[in-house]
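Data first, discussion second: the structure below is written as structure tokens.
The values are calculated or read from the model by the stated rules, or taken from the named source; none is laboratory data. Here the structure is a predicted model, which is why all the values come from computation and not from measurement. When we count neighbours, we look across all protein chains shown, and the Cβ atoms used for this are built from the backbone with ideal geometry, even at glycine.
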Amino acid sequence: MPNAPQTVVRIERTQRPWGWFETVSEAHQHKIKRIGVLPGQRISLQKHSQRAEHWVVVRGTARVTLGADTFELAVGQHCDIALGQVHRLSNATLEPVEIIEVQFGAYLGEDDIVRLGDDYGRM
């Protein structure tokens, strides 16, 4: 397809107080990230107005909050996060947790995060 959008492949690690993420691939209306959460840490309780996400655990045991439900996912297990759904990824273990996150939507910028709770004062 001569007019197909190009896929951008880059790996850059961005540090966060809870761990890190790497953007693995980005193309029209999707982005793939690898996310690492340190033992005892968690990301913000958040939602997105312009994207949905799919998480697959590739290392450790992840604790996932989706709306009012909290559950654990082991390596190879996955979950879907709908557009606008409140969610959080946590690591309640002594080992690192890593997931692959696939984002889908018309806009995939980091400023689409609406924080509802944050352990690091980023509200």
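With respect to VAL58, is the statement that it is over 11 Å from the mean Cα position of the chain (by Cα) and either among the aliphatic types (A, V, I, L, M) or under 12 Å from VAL97 (Cα atoms) (or both) true? Spell out the reasoning first.
Working: over 11 Å from the mean Cα position of the chain (by Cα): yes; either among the aliphatic types (A, V, I, L, M) or under 12 Å from VAL97 (Cα atoms) (or both): yes.
Criteria met by VAL58.
Kindly indicate whether GLU95 is assigned to a loop (DSSP other than H, G, I, E, B) and modelled with pLDDT of 95 or more. It would help to see each step written out before you state the result.
Numbers: assigned to a loop (DSSP other than H, G, I, E, B): yes; modelled with pLDDT of 95 or more: yes.
For GLU95, the condition - assigned to a loop (DSSP other than H, G, I, E, B) and modelled with pLDDT of 95 or more - is met.
Out of curiosity, is ASP111 in contact with an Asp or Glu (Cβ under 8 Å, 6 or more places away or on another chain) and either under 13 Å from ALA52 (Cβ atoms) or exposed (fewer than 13 other Cβ atoms within 10 Å of the Cβ) (or both)? Please lay out each step first, then the result.
Working: in contact with an Asp or Glu (Cβ under 8 Å, 6 or more places away or on another chain): no; either under 13 Å from ALA52 (Cβ atoms) or exposed (fewer than 13 other Cβ atoms within 10 Å of the Cβ) (or both): yes.
Spelling it out, it is not the case that ASP111 is in contact with an Asp or Glu (Cβ under 8 Å, 6 or more places away or on another chain) and either under 13 Å from ALA52 (Cβ atoms) or exposed (fewer than 13 other Cβ atoms within 10 Å of the Cβ) (or both).
Just give me the residues in the stretch 110-122 being assigned to a loop (DSSP other than H, G, I, E, B) and free of Cβ contacts under 8 Å to residues at least 40 places away in the same chain, in sequence order.
Initially, the stretch 110-122 is screened for residues assigned to a loop (DSSP other than H, G, I, E, B), giving 118-122.
Across the stretch 110-122, the qualifying residue is only GLY121.
Take the residues in the stretch 99-123 that are charged (D, E, K, R) and closer than 13 Å to GLN41 by Cβ, then tell me which one is modelled with the lowest pLDDT.
Once the filter is applied, the top-ranked residue is ASP118.
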